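Below you'll find the structure, written out as structure tokens, and then a few comments.
The values are calculated or read from the model by the stated rules, or taken from the named source; none is laboratory data. This structure is a prediction, so every number in the text was calculated from the model and none was measured. Neighbour counts run over all protein chains shown; Cβ positions are idealised from the backbone, glycine included. In case anyone asks, the SASA skips ligands and DNA or RNA and just uses the protein heavy atoms, side chains included. Shrake-Rupley method; radii C 1.70, N 1.55, O 1.52, S 1.80 Å.
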Amino acid sequence: MVKRSNNELILRLKDIKLKRLLEITLAINENKTVDHLLSLYRDILKIDLNIGKLALFTKEDQWSCALSYGIDLETNHFDVEKSFGGFKEITMVDYDFASGRFGNSFEIVVPVFQNNNSIAYVLLGDVNEELKGISAAVKHLP
């Protein structure tokens, strides 16, 4: 009985993920605004996947924080390229924005490239580091 319940839960979670992926794909195809897409992205990570902390840095003319939640960010004097420019693939890290050093605020850095140029960095982490077990950020990494 428990095994069936776990299988049903896994199937429901996969169904939710697929529906949200379809939702964001349709929004992109419908040329929704960047703010709308970022709102969908935030909701998927925060609500559906239970990711507790997010910082999304993007680069147009210069680096800026396009989206964040779960942490107070002071990005005025933050050098994105210096801090994350060495990352070429998804990497497990310990980074703390409060000190500007690697610490415990984020667990994962996801670099995004276009034509071999970094255009974004996604940082993921969880709010409650005291809980034992695999964090939501790590669990949903695939």
How about the stretch 14-68: which of its residues are open to solvent by less than 70 Å² (accessible area, probe 1.4 Å), closer than 19 Å to ILE119 by Cα and assigned to a strand (DSSP E or B)?
-> LEU54, ALA55, LEU56, PHE57, THR58, TRP63, SER64, CYS65, ALA66, LEU67, SER68
Go through the residues of the stretch 76-85 one by one and say whether even a single one is surrounded by 15 or more Cβ atoms within 10 Å (Cβ to Cβ), modelled with pLDDT of 75 or more, over 25 Å from ASP43 (Cβ atoms) and hydroxyl-bearing (Ser, Thr, Tyr).
-> yes
Before we move on, is GLU89 surrounded by 14 or more Cβ atoms within 10 Å (Cβ to Cβ) and either under 13 Å from the mean Cα position of the chain (by Cα) or modelled with pLDDT of 80 or more (or both)?
-> no
Check whether at least one residue in the stretch 35-42 is modelled with pLDDT under 85 and closer than 15 Å to LEU124 by Cα, and report yes or no.
-> no
Residues of the stretch 96-131 satisfying the condition of being open to solvent by 50 Å² or more (accessible area, probe 1.4 Å), assigned to a strand (DSSP E or B) and either modelled with pLDDT under 90 or out of contact with any Ser or Thr (no Cβ under 9 Å at 6 or more places or on another chain) (or both) | ARG101, PHE102, ASN104, PHE113, GLN114, ASN117
